[in-house]
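Structure first, then comments.
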Amino acid sequence: MELATTAADIRRIVKAGKISVFLTVEGGHTIDDDLRVLRMYYQLGVRSMTLTHSRNNNWADSATDKPVHNGLTDFGREVVREMNRLGMLVDVSHVADKTFYDTLSVTSKPVIVSHSSMRAISPVPRNVTDEMLWALAKNGGVIGISFGEGFVNPKDAEALESAIKTETAGPALTGRALDDYAAEDVRNLFGTRLKVAATVADVADHIDHAVRIAGIDHVGIGSDFDGVSGPPNGLDDVSKMPALIEVLLERGYAERDVKKILGENYLRVIREVTGK
């Protein structure tokens, strides 16, 4: 494994037969409302950050919490501008719809939605609407299709919605306390492997929908394997990815387009944001 901070790094490392590691921070609460902390993350090699995680922070609303800021605050807009300046990918997975649109109104570079799926297929708040897909395509960004329980098949969405409601009922926390609370919450909610209805074909349906709305240049994979307790049947871990590739090829995707979905689209955004 080797640290990558640019698209060129990723290509070089993979060509050498190693795994490239592109560091990201999940949840803007981790900067402790201080742009100096954000800059330190950058110096340490971090090149991407989700603006929120599962709860609101002091400057941005989350998709799975009760809105309190009406999207981004003025400081939240500063965070986006500073990430643009540094060359860090702004990740709007986990954010409320208004936060998503506020971010697009501020950013000067493409953003990513690293692990979300289609709300038109499975109506959970962490998934995106068709209107959001259109806006993302206009921005030049990429959405990574998530394999999360409930995100893919609507039959699984009810259990996820119930879990989210439990999660939102927690205390107001920030910083390390919020990290610790979220980790314990996830262990309680998803500590055991879940049985799901979702299949490889369901994931391909989400890819089809995203491609139809946003275009082939704006769709990627955002499996979230490290955060999924009930992956789709037949996509239990990364070793099963060829099953998804097979379905896409059977559905008529050209090899060059499958390569875009599997990583080339992300590499384009990384190059545009980091400059290399």
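Evaluated against (1) farther than 16 Å from R119 by Cα; (2) surrounded by fewer than 16 Cβ atoms within 10 Å (Cβ to Cβ), R212 falls short on exactly one condition, (1).
Search the range 42-52 for residues being assigned to a loop (DSSP other than H, G, I, E, B) and either touching a Pro at 6+ places or on another chain (Cβ under 7 Å) or farther than 18 Å from I143 by Cβ (or both), and hand back the single one that is most open to solvent (accessible area, probe 1.4 Å).
So the residue we want is L44.
Among the residues of the range 133-149 satisfying the criterion of being part of a helix (DSSP H, G or I) and either open to solvent by less than 10 Å² (accessible area, probe 1.4 Å) or touching an Asp or Glu at 6+ places or on another chain (Cβ under 6 Å) (or both), which is farthest from S105 (Cα to Cα)? Residue satisfying both the conditions and the ranking: L133. Considering only the range 3-22, I want to know if a residue exists there that is over 20 Å from the mean Cα position of the chain (by Cα), of a type in the set (S, T, N, Q) and not in a helix (DSSP H, G or I). No, the range 3-22 contains no residue that is over 20 Å from the mean Cα position of the chain (by Cα), of a type in the set (S, T, N, Q) and not in a helix (DSSP H, G or I).
Restrict the check to the range 75-85 and report whether at least one residue is farther than 20 Å from P231 by Cα, among the small types (G, A, S) and not in a loop (DSSP other than H, G, I, E, B). Yes: one or more hits.
Once the range 85-99 is narrowed to residues that are farther than 16 Å from G27 by Cα and touching a residue at least 40 places away in the same chain (Cβ under 8 Å), the residue that is farthest from the chain's Cα centre (by Cα) is L86.
Yes or no: the range 194-206 includes at least one residue that is open to solvent by 40 Å² or more (accessible area, probe 1.4 Å), at pLDDT below 95 and within 30 Å of T30 (Cβ to Cβ). Yes, the range 194-206 contains at least one residue that is open to solvent by 40 Å² or more (accessible area, probe 1.4 Å), at pLDDT below 95 and within 30 Å of T30 (Cβ to Cβ).
Of the candidates R39, R55, the single residue that is among the charged types (D, E, K, R) and surrounded by fewer than 20 Cβ atoms within 10 Å (Cβ to Cβ) is R39. Scanning the range 232-262 for residues that are of a type in the set (G, A, S) and surrounded by 15 or more Cβ atoms within 10 Å (Cβ to Cβ) yields G234, A243.
The values are calculated or read from the model by the stated rules, or taken from the named source; none is laboratory data. None of these values were measured; they are calculated from a predicted model. Counting neighbours? That spans all protein chains shown, and the Cβs are built from the backbone with ideal geometry, glycine included. All accessible areas refer to the heavy atoms of the entire protein, side chains included, with ligands and DNA or RNA removed. Shrake-Rupley method; radii C 1.70, N 1.55, O 1.52, S 1.80 Å.
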